[in-house]
Amino acid sequence: MNPIEFKNTVLPFKDKMFRLALRLLNKREEAEDLVQEALIKLWQQQDRLADVQNLEAWVIRMTKNQCIDKLRNAKFGLREWKEGLDMADAAPLPDAKIESSDTMRNLQKIMARLPENQRLVMQLRDVEGMSYQEVAEALELPLAQVKINLFRARQAMKSFLSVPTPKA
Amino acid sequence: MKQTQIQSLLDKYFAGESSLQEEAQLRQLLQEENVPEAFKTYQNLFKFLDQELEIGLDGDFETRIMREIEQQHVEAQPKIRRLQVSWILRIAAVFALVTAGLWWMLTSNSIEKPIVAEAETKVIDWSKYEPKTPEEAYQITRKAFHRVANGLNEGTEIASEGLGKMEEMGKVFN
């Protein structure tokens, strides 16, 4: 694989990788560095890329695993993660175009506090629009686990909205 | 009608049983202006999810990463070429040595072996063999006669030995 082929096949996933890293690390700079490291690592494994059946799932899995390694690393411990969470609570959302109303910020906060698997499943399904099967493959979870995590994540968001679903 | 449809889709969504198509339809319905008041709160949830999709890396990220990859690609190239050239040279050197050795062996053998000596060690195909000089023809003929004479002498001796044994046997029977 040459750099042009890499640019055309792998780089289109860079924003998806970034959003996933940001969802896990809560810090924009850390997430950006991680995506850069992940892409360089992918380039160095270019010989293996041709054999990969589902490149998108592989790239997402690799990003998730690198994030988890980073979170477990002493240098990026719980203190840093909580710091990132506080920053996410206080600061306006990363993109200037994003509406930073209280509701939006609170939804951001609720999602950031969901358990890891619920957060990841909701990110891939409700933000990235992936199928249950694709989510299961990318996160290496059984299909049933994907559905349970998604159900719980959505219920948490619904509880926050605290309005009972009106009956027709 | 519309309210019933939204309600049904929301129920499926929160139960985690909706398909991607149904979720797209729900987003579409909630984006419309005349959404019933009761559902407006859910508009925020889908607006939030849509806005999350707009988050992305800076515009120059791709340029930076491609510069790094191009650099690594270029650095990897000369190593491969150097390796290939060194292996080609090694193989060529071994081939040259083997060829030179074989040539030396073949040429040295043919110089040292005289034709007459060859005539002594090999069975000559007389129908094809042609001596190049009269001396060579004389030598070959002489050797041939010598060999025939030796053969005849050996035959005579064997025959006389056989006759002697027969005479002794005759004496025993008589």
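The values are calculated or read from the model by the stated rules, or taken from the named source; none is laboratory data. Note that the structure is a prediction, hence the values are computed from the model and not measured. Cβ: placed from backbone, ideal geometry, glycine included. Neighbour counts: every protein chain shown.
Some points to look at:
For (1) in contact (Cβ under 8 Å) with a residue 24 or more places away in the chain; (2) surrounded by 12 or more Cβ atoms within 10 Å (Cβ to Cβ), each residue gets a yes or a no:
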residue: B:Leu9; (1), (2): no, yes
residue: B:Arg27; (1), (2): no, yes
residue: B:Phe39; (1), (2): yes, yes
residue: B:Asp58; (1), (2): no, no
residue: B:Gln72; (1), (2): no, yes
residue: B:Ser86; (1), (2): no, no
residue: B:Trp104; (1), (2): no, no
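- Residues being part of a loop (DSSP other than H, G, I, E, B), farther than 14 Å from A:Asp33 by Cα and either of a type in the set (Val, Ile, Thr) or at pLDDT 90 or above (or both) - total across region B:50-65: 3
- Summed over region B:32-65, residues that are within 23 Å of A:Phe151 (Cα to Cα) and either in contact with a Gly (Cβ under 7 Å, 6 or more places away or on another chain) or of a type outside the set (Val, Ile, Thr) (or both) total 15.
- Of all residues making up region A:134-155, the number that are buried (at least 20 other Cβ atoms within 10 Å of the Cβ) and either free of Cβ contacts under 8 Å to residues at least 12 places away in the same chain or not in a helix (DSSP H, G or I) (or both): 1
- B:Thr41 under 30 Å from A:Ala156 (Cβ atoms) and polar (S, T, N, Q): yes
- Filter pass, A:Lys147 being more than 9 Å from chain B (Cβ to nearest Cβ) and at pLDDT 55 or above: no
- Given (1) surrounded by 12 or more Cβ atoms within 10 Å (Cβ to Cβ); (2) of a type in the set (D, E, K, R); (3) at pLDDT 85 or above, index of the condition B:Glu120 fails: (3)
- When A:Asn54 is tested against the conditions (1) at the interface with chain B (Cβ under 10 Å from one of its Cβ atoms); (2) surrounded by fewer than 17 Cβ atoms within 10 Å (Cβ to Cβ); (3) not aromatic (Phe, Trp, Tyr), the lone failure is (1).
- When A:Ser101 is tested against (1) more than 23 Å from B:Leu45 (Cβ to Cβ); (2) at pLDDT below 90, just one condition goes unmet, and that condition is (1).
- Residue tally, condition within 14 Å of A:Lys64 (Cβ to Cβ) and within 11 Å of chain B (Cβ to nearest Cβ), over region A:123-134: 4
- Filtering region B:128-143 to residues that are modelled with pLDDT of 80 or more and surrounded by 10 or more Cβ atoms within 10 Å (Cβ to Cβ) leaves B:Glu135, B:Glu136, B:Ala137, B:Tyr138, B:Gln139, B:Ile140, B:Thr141, B:Arg142, B:Lys143.
- Qualifying residue in region A:108-129 (condition: farther than 21 Å from B:Lys12 by Cβ, at pLDDT below 90, of a type outside the set (Val, Ile, Thr) and assigned to a helix (DSSP H, G or I)): yes
- Of residues in region B:10-60 being of a type in the set (A, V, I, L, M) and within 60 Å of the chain's Cα centre (by Cα), the one farthest from the other protein chains (Cβ to nearest Cβ): B:Leu26
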